[in-house]
Amino acid sequence: MNKFRCLIVDDEPIAQRIIEGYLADFQEFEVVDKCLHALAARSILQKEPIDLMFLDLEMPKLKGLAFLKTLENPPAVIITTAHRAFALESFELEVLDYLLKPISFERFLKAINRFQKLHITTNSPTINPTLNPTKFLYVKSNRKTLKINQQDIDYIEGMNNYVKIYCQQEVHVVYTSLQKMLTDLTPQFLRIHKSYIINKHKIKAFNQEQIEVGTKQLPIGNTYRGIIEQF
């Protein structure tokens, strides 16, 4: 059986051992290497095929997110950190999950399940995490669980404790937050404003102030302009 190849990047040996110990309970995963800082991780990524990287944020020489921004084709990434403040920036970089230390096994299992939903085990030794994204979104609305094809979503609007999911033919109102919604969406979605997430495939036009998605002109938040320009 081909296994998912993992890299653990953390400057705390105890944190490394915890993650490695958790992974030992999953036969389909193997730890290829562990390193204490980002520069060592960079060297490993250049030599080894890696499917999943566990990445700490506060490390010497180069911070985790700064390191992630330098990677052209990063593997799937699960953040492991003691700091809450970088969650938004992390998800904007399309990380798979954001685990706060001390990491419980239950929370770790949820992240592993999320990773496996994005992959189909094949005979290939390593699997591109963008090839098999989850196609459907399951949400509760009007006392029903809806199955929504993510390809049909134009954009999502946040409204306090609710979001509106705008699809080609209908709008769904769901009790959740935009931040939570981001964790369930494939990388084809991009946050452009504190109140909006868009489907990148549905962009028709844009300028520095607005993005046109379908027939709707959506504002670009100041915080997100750099991300839009990079995209």
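Some notes on this structure:
- Size of the stretch 136-230: Rg and Dmax of its alpha carbons, in Å, are 12.8, 40.
- 0 to 90° range, to nearest 10: angle between helix 13-23 axis and the chain longest Cα axis: 70
- Three-way shape label, the chain, alpha-carbon gyration tensor, a/c 1.5: prolate
- Per residue, the convex hull volume that the Cα atoms of the stretch 4-117 enclose (Å³): 94
- Seen against the Cα atoms of the chain and their longest principal axis, helix 105-117 is set at about 70 degrees.
- Net length available on complete extension from residue 27 to residue 72 is 13.3 nm, with 0.36 nm assigned per residue and the Cα-Cα distance removed.
- Percent of beta bridges antiparallel (DSSP, the chain, rounded to nearest 5): 65
- Separation of alpha-carbon centers, the stretch 201-231 and the stretch 6-51, rounded to whole Å: 36
- Candidate lysines - alpha carbon under 24 Å from residue 164, same-chain residues fewer than 8 apart omitted: 135, 140, 144, 147, 180, 194, 200, 202, 204, 216
- Acute angle (nearest 10 degrees) that the helix 38-47 long axis makes with the longest principal axis of the chain, alpha-carbon atoms: 90
- The chain - mean residue ellipticity at 222 nm from DSSP helices (-39,500 (n - 2.57) per run, n ≥ 4, rounded to 500): -7000 deg cm²/dmol
Read-outs throughout are calculated quantities, based only on the coordinates presented, and are distinct from any laboratory measurement. Predicted model only: the values in this text are computed from it and were never measured.
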